[in-house]
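Engineer: One structure follows; several queries about it will come next.
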Amino acid sequence: MELVSVVIPCYKQAAFLGEAITSVLGQTHGTHEVIVVDDGSPDHTADVAKAFPSVRYIRQENQGLSAARNTGIRHSTGSYLVFLDADDVLLPTHFDACLEAFRVRPAAAFVCGDYRWTGDDRATHVHDCRPLPDYYGTLLRTNFIGPPHTVMFRREMVLREGGFRVGAESCADQDIYLRMARRYPIHCHHHLIAEYRRHHHQMSQRWDVMLRDAITVLRAEYPHVKGHPVYEPAWQEGLERRRSMYGEPLLWATVAAARSGDLRRTVRYLTVLVRCYPRGLAAVLRQKATRRLTGGGRRGCAQA
């Protein structure tokens, strides 16, 4: 049977790690290995990992999510790779659904399925993977795949791509999706195979980091789409969509930081907005200036 290697990077997520490991051990496809990469976590990650005798535990100095995943890749031995963040879980038929998809699409570099949110009843997700005109074009427009644990990769293809790119940590999964979809066939089998936990401490709730990294990843893709009659418009649409998705919440977070007197956070947020969402920032500043001028005029008339 095909050996599936599951890489679980962990940094300050020991409270969730046991559940993540258990979700791997409960797979209906039983041939797998679990590699936990402790990225210099100050909590009890080691104790949790070592409570599972079959888990390989590796500790390194803190280097970030991409480096931790790459460490796991180097220590893996399976033909297939799944990257599971420590605060998420796999559903029991994940491996079987993905391996069957590979059997149907043997040329695919990776296959993916669907996920559902947990931890927040307000979180909604609609799976829409329609190729426009293909999966690469769709990924330029929007990250329909979602978190990396909805994906199973061929290990040889990940190695060929050099693993995860260090420097855009929160969107390194989007980066590798784009790089691989541009070069190789990929396939979505649509089955529900994962749960994506929503909580306040997850990286995807840090709007400044998400906006910065999403725009960095997409800008790196521009040389490959420039001048293409279909891909360049898809890229432009994706750029605006990501600016709106992450930039709008960041604008409100900036206002809140400024009102609270948190100068350091305000400056950090403004720096990202200037670089990645200047139009949104300018619109808010214009709106505030208009309100202030209008309000000032009304006060002046009243006093007169």
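The values are calculated or read from the model by the stated rules, or taken from the named source; none is laboratory data. None of these values were measured; they are calculated from a predicted model. In this analysis, Cβ positions are derived from the backbone assuming ideal geometry, glycine residues included, and neighbour counts consider all displayed protein chains.
Engineer: One residue is enough: does segment 114-125 have a residue meeting the conditions hydrophobic (A, V, I, L, M, F, W, C) and either surrounded by fewer than 24 Cβ atoms within 10 Å (Cβ to Cβ) or free of Cβ contacts under 8 Å to residues at least 12 places away in the same chain (or both)?
Structural biologist: Looking for residues that are hydrophobic (A, V, I, L, M, F, W, C) and either surrounded by fewer than 24 Cβ atoms within 10 Å (Cβ to Cβ) or free of Cβ contacts under 8 Å to residues at least 12 places away in the same chain (or both), one finds at least one in segment 114-125, hence yes.
Engineer: Need pairs with beta-carbon distance below 6 Å; first residue within 9 Å of Leu3 (Cα to Cα) and surrounded by fewer than 24 Cβ atoms within 10 Å (Cβ to Cβ) and within segment 73-88, second modelled with pLDDT under 95 and aliphatic (A, V, I, L, M); sequence gap 6+ or separate chains.
Structural biologist: Between residues of segment 73-88 that are within 9 Å of Leu3 (Cα to Cα) and surrounded by fewer than 24 Cβ atoms within 10 Å (Cβ to Cβ) and residues that are modelled with pLDDT under 95 and aliphatic (A, V, I, L, M), there is no close pair.
For every residue, the table says whether it meets (1) part of a loop (DSSP other than H, G, I, E, B); (2) in the same structural domain as Asp96 (by TED's automatic domain parsing); (3) under 20 Å from the mean Cα position of the chain (by Cα); (4) free of Cβ contacts under 8 Å to residues at least 12 places away in the same chain.
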{"site": "Lys12", "(1), (2), (3), (4)": "yes, yes, yes, no"}
{"site": "Leu17", "(1), (2), (3), (4)": "no, yes, yes, no"}
{"site": "His29", "(1), (2), (3), (4)": "yes, yes, no, no"}
{"site": "Val34", "(1), (2), (3), (4)": "no, yes, no, no"}
{"site": "Asp38", "(1), (2), (3), (4)": "no, yes, yes, no"}
{"site": "Asp43", "(1), (2), (3), (4)": "yes, yes, no, no"}
{"site": "Val48", "(1), (2), (3), (4)": "no, yes, no, no"}
{"site": "Gln63", "(1), (2), (3), (4)": "yes, yes, yes, no"}
{"site": "Ser66", "(1), (2), (3), (4)": "no, yes, yes, no"}
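Engineer: Going by the conditions given, is Leu84 closer than 20 Å to Arg198 by Cβ and either hydrophobic (A, V, I, L, M, F, W, C) or under 20 Å from the mean Cα position of the chain (by Cα) (or both)?
Structural biologist: Judged against the criteria, Leu84 is a match.
Engineer: Continuing with this model, one more query. Any residue at all in segment 161-173 that's in contact (Cβ under 8 Å) with a residue 12 or more places away in the chain, more than 16 Å from the chain's Cα centre (by Cα) and either more than 21 Å from Ala86 (Cβ to Cβ) or crowded, with 22+ Cβ neighbours inside 10 Å (or both)?
Structural biologist: Within segment 161-173 (the criterion being in contact (Cβ under 8 Å) with a residue 12 or more places away in the chain, more than 16 Å from the chain's Cα centre (by Cα) and either more than 21 Å from Ala86 (Cβ to Cβ) or crowded, with 22+ Cβ neighbours inside 10 Å (or both)), the answer is yes, since at least one residue qualifies.
Engineer: Still on this structure, please answer the following. Determine which single condition Leu81 fails, assuming it passes every other condition in (1) part of a loop (DSSP other than H, G, I, E, B); (2) touching a strand residue (DSSP E or B) at 6+ places or on another chain (Cβ under 9 Å); (3) modelled with pLDDT of 95 or more.
Structural biologist: Going through (1) part of a loop (DSSP other than H, G, I, E, B); (2) touching a strand residue (DSSP E or B) at 6+ places or on another chain (Cβ under 9 Å); (3) modelled with pLDDT of 95 or more one by one, Leu81 breaks only (1).
Engineer: Also: Quick check, is Ala257 without any contact (Cβ under 8 Å) to a residue 40 or more places away in the chain, more than 20 Å from Val126 (Cα to Cα) and buried (at least 18 other Cβ atoms within 10 Å of the Cβ)?
Structural biologist: Criteria met by Ala257.
Engineer: Here's a check for you: in segment 247-293, which residue that is among the aromatic types (Phe, Trp, Tyr) and assigned to a helix (DSSP H, G or I) is modelled with the lowest pLDDT?
Structural biologist: Per the stated criteria, the residue is Trp252.
Engineer: Follow-up question, since we're still on this one. Check whether at least one residue in segment 200-215 is out of contact with any helix residue (DSSP H, G or I) (no Cβ under 8 Å at 6 or more places or on another chain), within 20 Å of Ser170 (Cα to Cα) and either part of a helix (DSSP H, G or I) or modelled with pLDDT of 95 or more (or both), and report yes or no.
Structural biologist: Looking through segment 200-215, at least one residue is out of contact with any helix residue (DSSP H, G or I) (no Cβ under 8 Å at 6 or more places or on another chain), within 20 Å of Ser170 (Cα to Cα) and either part of a helix (DSSP H, G or I) or modelled with pLDDT of 95 or more (or both).
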